[in-house]
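Trainee: This is the structure I want to talk about, given as structure tokens.
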Amino acid sequence: KSPSPIRKAASREGAEPCRHGCGRAAFGSFTTCCTHCKGVAGPHARDCLDKSQAAGPVSAEQAQLVVHISRAVLFRSFDRVGRMDPFAVAAWAKGGVPTGALEIGRTKTAWGAHMHPKWDHMCRSIPYGGAASDVLSFSVYEENLGGMRAATFCGAVSVDVERLLLEAVKDRGVRTSPPTSLTLVKRGEETGHIVVQAVLHVCGAPGSPGCAEVALTPADPALFESPVQRIGVSGGTAPFFNLVLRKADRGRSASYWIGKDLSRAMDEITFYEQRAKLQRAGSHGLGTLFSFMFEYCGVLECREAGAGDCQGAPPLKLLVLRNLRDGCKNLRMLDIKIGENTAAPNWQGKSRFAALRQAVIDGFTNSRAEGFRLEGFDGQPPALKSLDPLIDLRFVGDFSEAMRKKAARMLLQRMPAAEMFMHFVDLHQQPNDASELDAPDRITTAEYAELVLCAIVEKLVELAIACHVAPAPQKWLGSSVALGFDDMTLPIRGLSREELVQTVRVNIFDWGRSELNTLEHHTSLSAEDQANRLQYWKEYMGGIDRLSWEAARSYWHRFGNTQGWDSVVIRVYDFNSHGACDYIGEVRPHLSTTLETAVPLVDAAGNEVRGKVGPATVTYSLEWRDLPKGSQFVGMWRIRVVRAADLPAKNVASGTSDPFASVVAQGAGGQFRFRQDSCVVAGNLDPLWNETFDVPVACRQPDFVTALLESNRQAASILMSPSPPLQFGVRTVPTCSDEGAALKRWTHCLTR
């Protein structure tokens with residue numbers, strides 16, 4: 001059977017790939033490499049590989065199909081009360097197999113549009129080879145309660161891609177179909193019409209607009225074991241898959257790569273392909289920034305374990321990226337979204353209304369206060385896990401798992417940077433300290449935390465400088481910074497500093513709403529567009545500058561004190577999830593070796609705090625620990641907070657409290673100040689913590705202080721303590737004037 005005219009138009013120079021997705025070239029005029037092939041795992045004929053290699057390289061570029069969802073008309077309402085809020089979803093089934101359908105687009109919700117929604121939505125482009133059996137399906141839903149309840153199905157329709165393109169008009173390498181009205185059906189009932197349009201960018205045709213920029217780089221399936229195993233969701237909604245190299249080489253372990261479902265990363269693939277193209281051409285002055293991005297291998301076609309072996313089913317397509325978890329037993333990682341605004345109207349699929357709604361969300365998070373927000377936290381320490389964001393509402397009733405996840409996410413999004421870094425390097429419970437493991441050859445948890453945070457500061461400073469020297473402003477909306485390290489294993493003492501921090505990660509990622517701008521492209525933009533890029537790039541750089549400054553001052557206050565500590569205070573609070581925590585009382589230990597002892601709790605005025613039975617007490621012990629020569633520290637004070645007894649009830653409804661202990665150290669007349677928190681013990685007036693906190697004394701300043709800042713005096717003024725000092729809570733804190741001035745001086749140090 002001869003190929004259709006569309007298939008001929010879509011074909012490119014180079015061998016046609018096998019339609020089963022094995023990665024080999026199709027033989028002659030046939031659509032498969034051999035008669036035996038069933039997919040990536042084969043089997044193949046004996047001479048199949050020789051014939052495939054003789055046919056030449058497999059074409060990595062195909063025509064790109066873009067679907068435009070214009071509007072719909074519904075014949076009846078699917079909402080019991082009020083006006084409907086419809087949205088549409090488009091999916092592409094290669095070969096017409098519905099089980100392997102790939103979602104290529106979801107329109108915005110047409111709020112209040114009822115039975116006449118208008119979307120004007122452009123779906124993600126998909127490679128199209130002209131196969132007559134490829135099918136597009138469109139489904140319309142009615143959104144309920146802003147997405148908090150399952151959407152109501154209104155109707156669906158499927159259509160062959162070739163039918164849509166049958167009357168397409170060709171102009172300079174682009175085939176555009178007329179708007180086509182398709183009938184929506186639900187359980188045999190015609191429920192409405194949806195109007196769609198298909199646009200085929202024929203790559204390689206004269207006048208074709210930039211198809212080479214979105215050509216997909218194929219990853220060799222022979223390099224990886226198949227089938228691949230799904231490992232779930234991290235941060236967003238995209239599924240990830242374990243990829244195992246058949247043969248580790250060039251210093252790469254078997255788990256060097258990871259796969260991300262391409263159907264959920266279509267909005268990122270263009271960015272990665274453009275970066276790969278620029279790297280081959282010399283990076284256009286963006287080489288340092290590129291070094292912070294995930295290494296990209298290409299797009300892999302493979303099979304998923306447990307997904308069955310349905311003949312003709314389309315293979316799974318994965319975006320192959322560097323695996324951050326490679327070499328780590330347990331990766332503790334922060335996903336930090338950069339920028340005061342994470343969406344722009346009419347940019348990368350965001351409508352004006354959707355951007356406005358996102359701006360409202362940004363205003364309730366730390367994005368508006370500090371220029372970034374914590375979007376995800378993998379490997380949370382026990383103290384952070386104990387913070388129940390719905391603890392104040394526990395008497396209202398049970399909450400669904402979805403509601404708890406949303407509340408936990410909001411807790412992270414509103415967390416100030418000082419608190420974020422406090423939890424990030426909190427190792428007082430995990431892993432076990434070297435003394436507890438009876439492993440004198442291992443460094444202590446405090447030394448490891450210092451190494452990790454120092455390495456992260458240095459990398460963030462390098463990233464900030466790379467942003468300032470970039471030749472062209474970028475529009476990286478909604479992109480993130482990943483900070484991570486292995487929190488399960490303490491390194492061996494005596495290794496070099498570089499070997500000790502091998503598992504530290506600092507990367508930038510999430511390019512779904514980002515553009516890779518070069519100097520050549522920037523000069524071709526209009527004055528308005530250039531000003532727009534510059535505005536968003538300033539916001540991005542401001543977020544990176546602030547993040548590096550926050551990391552630096554967290555390090556300075558916790559690990560930079562060479563003069564010794566003046567005081568340590570153990571404060572007890574009642575945790576509140578919807579406001580500032582209630583202060584209960586405190587104990588001020590004398591900095592000398594103290595055996596386990598119970599001390600009365602006093603308030604800020606020095607008055608005794610009493611519970612239901614009698615005076616409230618805190619039991620603690622304190623000792624000094626010397627560290628060997630070569631350590632960053634002379635030694636450290638080890639404070640073990642054992643328990644509290646007979647605390648007053650702060651929750652009137654329950655007659656209990658949700659106490660936690662906060663250890664606050666201050667030194668050099670207030671020049672150094674930091675805090676560490678215990679776990680929250682919910683509903684308890686006699687909490688048992690039994691947690692040990694380290695307060696180290698440094699023997700020298702780190703390199704980044706001496707390299708960036710002229711003196712300790714300048715460091716003390718620039719790396720000032722968070723304002724308001726030592727406040728606990730989940731509400732964002734606006735930057736005070738002193739902090740703003742200090743941040744400006746920090747930025748000046750980065751750019752001079």
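The values are calculated or read from the model by the stated rules, or taken from the named source; none is laboratory data. Treat the numbers as computed from the prediction; the structure is a model and nothing was measured. Because the Cβ atoms are built from the backbone with ideal geometry, glycine has one as well, and the counts that use them run over all protein chains shown. To get the accessible areas, we keep the full protein, side chains included, count just its heavy atoms, and leave off ligands, DNA and RNA. Shrake-Rupley method; radii C 1.70, N 1.55, O 1.52, S 1.80 Å.
Trainee: Between PHE399 and LEU595, what is the spin-label point distance in nm, taking each point 7 Å from the Cα along the Cα→C-beta axis?
Mentor: Output for this residue pair reads 4.6 nm.
Trainee: Additional query: Please work out the average accessible area per residue across the range 287-419, using the 1.4 Å probe convention, and give it in Å².
Mentor: On the way: 5790 Å² over 133 residues.
I get 44 Å² per residue for this part.
Trainee: For the charge dipole of the range 357-516, defined by +1 on Lys and Arg C-beta atoms and -1 on Asp and Glu C-beta atoms about the Cα centroid, which residue among ASN507, ILE443, LEU393 has the Cα displaced farthest towards the positive pole?
Mentor: Most positive-ward Cα: LEU393.
Trainee: Working only with C-alpha atoms, what are the Rg and Dmax values of the range 339-473, expressed in angstrom?
Mentor: Considering the range 339-473 through its Cα atoms, Rg and Dmax are 19.5, 60 Å.
Trainee: Say each of ARG700 and HIS468 gets a label point 7 Å from the Cα, pointing the same way as Cα to Cβ; how far apart are those two points in nm?
Mentor: The answer from the label model is 2.6 nm.
Trainee: On to the next question. Can you find, among ALA531, TYR573, HIS590, the residue sitting farthest towards the positive end of the charge dipole of the range 506-620, where Lys and Arg contribute +1 and Asp and Glu -1 at Cβ?
Mentor: With unit charges placed on the Cβ atoms, the residue in question is HIS590.
Trainee: Between ALA668 and LEU688, 0.36 nm times their residue separation minus their Cα-Cα distance comes to what?
Mentor: Full extension of this stretch gives 4.0 nm more.
Trainee: Follow-up question, since we're still on this one. May I ask you to compute the full-extension gain from LYS406 to GLU520, defined as 0.36 nm times their residue separation minus their alpha-carbon distance, rounded to one decimal in nm? Mind showing how you got there, number by number?
Mentor: Details: separation 114, 0.36 × 114 = 41.04 nm, distance 4.27 nm.
So the extension gain works out to 36.8 nm.
Trainee: Can you give the FRET efficiency to the nearest 0.05 for ASP220 and ALA281, using r as the Cβ-Cβ distance and R₀ = 35 Å?
Mentor: Efficiency, from the Cβ-Cβ distance: 0.95.
Trainee: Among 184-197, 454-467, what's the highest-first ranking by average C-beta atoms within 10 angstrom per residue?
Mentor: Numbers: 184-197: 16.5, 454-467: 21.6.
Descending mean neighbour count gives 454-467, 184-197.
Trainee: Past the 18 angstrom mark, what percentage of all C-alpha to C-alpha distances in the range 591-723 do you count?
Mentor: 66 percent
Trainee: Stretched out fully, how many nm does the piece from ARG352 to GLU295 gain, at 0.36 nm a residue minus the Cα gap? Show your work: numbers first, answer last.
Mentor: Working: separation 57, 0.36 × 57 = 20.52 nm, distance 3.34 nm.
Extending this stretch completely gives an extra 17.2 nm.
Trainee: Suppose every Lys and Arg Cβ carries +1 and every Asp and Glu Cβ carries -1, with no other charges. What dipole size does the range 472-593 come out with about its Cα centre, to the nearest 20 debye?
Mentor: 280 debye
Trainee: Whole-Hz ³J(HN,Hα) for each residue in the range 356-368, computed from phi via Karplus 6.51 cos²θ - 1.76 cosθ + 1.60 with θ = phi - 60°, x for glycine and proline: what do you get?
Mentor: Those phi angles translate into 5, 5, 5, 5, 5, 4, 4, x, 8, 10, 6, 4, 6 Hz.
Trainee: When you count, for each residue, the other Cβ atoms within 10 Å and take the mean per peptide, how do 620-631, 103-114 rank with the highest first?
Mentor: Details: 620-631: 14.8, 103-114: 18.8.
Order by mean packing, descending: 103-114, 620-631.
Trainee: Computed on alpha carbon atoms, what radius of gyration and Dmax characterise the range 332-387, expressed in Å?
Mentor: Final numbers for Rg and Dmax: 13.9, 42 Å.
Trainee: While we're on this one: With r defined as the distance between the Cβ atoms of ASN607 and ASP392 and R0 fixed at 25 Å, what FRET efficiency is calculated, to the nearest 0.05?
Mentor: After rounding to 0.05, the efficiency reads 0.40.
Trainee: Assuming 1.567 mPa s and 4 °C, estimate D for the range 403-484 with Stokes-Einstein, Rh taken as the Kirkwood radius over Cα pairs, in µm²/s. Spell out each step's value before the answer.
Mentor: Working: Rh = 15.9 Å.
For these conditions, the coefficient is 81 µm²/s.
Trainee: Which peptide among 372-379, 70-77, 595-602, 543-550 comes first, and what is the full order, when sorted by highest mean count of other Cβ atoms within 10 Å?
Mentor: Packing proxy ranking, top to bottom: 543-550, 372-379, 70-77, 595-602.
Trainee: Enumerate the amide H contacts of VAL228 below 5 Å, restricted to partners 5 or more residues apart or on another chain; note that Pro and chain-start residues carry no placed amide H.
Mentor: So VAL228 has HN proximity to ARG303, GLU304, ALA305.
Trainee: Say the cut-off is 31 Å between C-alpha atoms; which of LYS186/LYS350; LYS247/LYS406; LYS337/LYS744 go over it?
Mentor: As for pairs spanning more than 31 Å Cα to Cα, those are LYS247/LYS406.
Trainee: Between SER253 and ARG83, how many nm apart are label points set 7 Å from Cα along the C-beta direction?
Mentor: Taking the simple label geometry, SER253 and ARG83 are separated by 5.6 nm.
Trainee: Further question on the same structure: Assigning unit charges at the beta carbon (Lys, Arg +1; Asp, Glu -1) and nothing else, what dipole magnitude in debye, to the nearest 20, does the range 581-635 show about its Cα centre? Let's see the in-between values first.
Mentor: Numbers: 5 positive and 7 negative charges, 19 e Å.
Dipole magnitude for the range 581-635 comes out near 100 debye.
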